[in-house]
Amino acid sequence: MAKGKKPKAIILVHLYGMPCKIEEILRIAAEYEIPVIEDAAEALGSSYFDRRLGTFGEMAILSFNGNKIITTSGGGAVVSKKNAFVEKARFLATQARDAAPHYEHSHIGYNYRLSNVCAGIGRGQMLVLNERVKKRRQIHNNYRTLLETIPGISFQEELKGMFSNRWLTVIQLNSRSTPNHITSEQLRLSLESENIESRPVWKPMHLQPVFRDVPYYGESISENLFKNGLCLPSGSNMGKENFERVCRNMLALLS
């Protein structure tokens, strides 16, 4: 994007299932007449003032990847209230084939369709979405009960009107305050030594090598979140025994 040039769209991201500051972003977008696209890949089942995420922008995307709250093993969905957008997306996702008896292409297309089997699996899992959200939120609450009294540890907070599916429970560690000045990376490595997977938060886009030459506007907030954040095991199928094992190992380091 050239400096001083109005962007073609604003892509807002509901990170880890937490609603972003929707009202503020929509207000700016409306002022400058910029379309908004929602990245709701991680936010199926989340809402803002009882309105489902993915319904605020001109278009939105959902992910049904294998690690999401419901899954078709891969793929996702594009949603929009505008039929023209849906039809264009469907056209491009089905090889952009022109209306002809042979394969004729006036546009570059893609084969992004879900198979009927995968789509059927996804539709069936929609029936258990609320149950999955309830389980993820319970896991988050259990982590919070365990860790929130430990100095230097903080969680994502639901602000007024926000309801998160808590797809992943994410914590921030301020090593200036944590016991023995433990960092998020030290905690990650300690869990890894016990064959427990945890991960840093998403690396900011402007720090990715592929975008090294792209202009970046902002301060160091995302860098600090990346440096100090950790995603804890949060799968819907995590039982009591595994949860307690994760907790024991965390407390052994943080006590």
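For the residues S255, S236, the requirement of being among the small types (G, A, S) and in contact with a Lys or Arg (Cβ under 7 Å, 6 or more places away or on another chain) singles out S236.
Screening R137 on (1) of a type outside the set (A, V, I, L, M); (2) exposed (fewer than 15 other Cβ atoms within 10 Å of the Cβ); (3) in the same structural domain as L168 (by TED's automatic domain parsing) shows it passes everything except condition (2).
Entry remark, segment 213-234: residues being surrounded by 10 or more Cβ atoms within 10 Å (Cβ to Cβ), without any contact (Cβ under 8 Å) to a residue 24 or more places away in the chain and under 20 Å from the mean Cα position of the chain (by Cα) number 3 in total.
Annotation: of all residues in segment 104-134 being among the charged types (D, E, K, R) and closer than 30 Å to L173 by Cβ, the one that is surrounded by the most Cβ atoms within 10 Å (Cβ to Cβ) is R132.
Taken together, the criteria exclude T178 from residues that are among the hydroxyl-bearing types (S, T, Y), under 22 Å from H140 (Cβ atoms) and touching a Phe, Trp or Tyr at 6+ places or on another chain (Cβ under 6 Å).
Taking segment 16-54 as the range and being of a type outside the set (A, V, I, L, M) and in a helix (DSSP H, G or I) as the test, the residues that pass are Y16, G17, E23, E24, R27, E31, Y32. Output yes when any residue across segment 239-247 is within 26 Å of E24 (Cβ to Cβ) and acidic (D, E), and no when none is. The answer is no, given that none of the residues of segment 239-247 is within 26 Å of E24 (Cβ to Cβ) and acidic (D, E).
The condition (being modelled with pLDDT of 95 or more, outside the structural domain of G235 (by TED's automatic domain parsing) and more than 30 Å from K240 (Cα to Cα)) is satisfied by just one residue among A99, A119, A93, A30: A30. Among the helices (runs of 4 or more DSSP H) confined to segment 55-159, the ones with at least 1 residues that are touching a residue at least 24 places away in the same chain (Cβ under 8 Å), closer than 30 Å to K21 by Cα and under 17 Å from the mean Cα position of the chain (by Cα) are located at 129-147.
Residues of segment 45-95 being surrounded by 14 or more Cβ atoms within 10 Å (Cβ to Cβ), small (G, A, S) and either more than 20 Å from R166 (Cβ to Cβ) or touching a strand residue (DSSP E or B) at 6+ places or on another chain (Cβ under 7 Å) (or both), which ones? Hits for segment 45-95 are S46, S47, G54, G57, A60, S63, G75, G76, A77, S80, A89, A93.
The values are calculated or read from the model by the stated rules, or taken from the named source; none is laboratory data. Computed from a predicted model, the values in this text were never measured in an experiment. In this analysis, Cβ positions are derived from the backbone assuming ideal geometry, glycine residues included, and neighbour counts consider all displayed protein chains.
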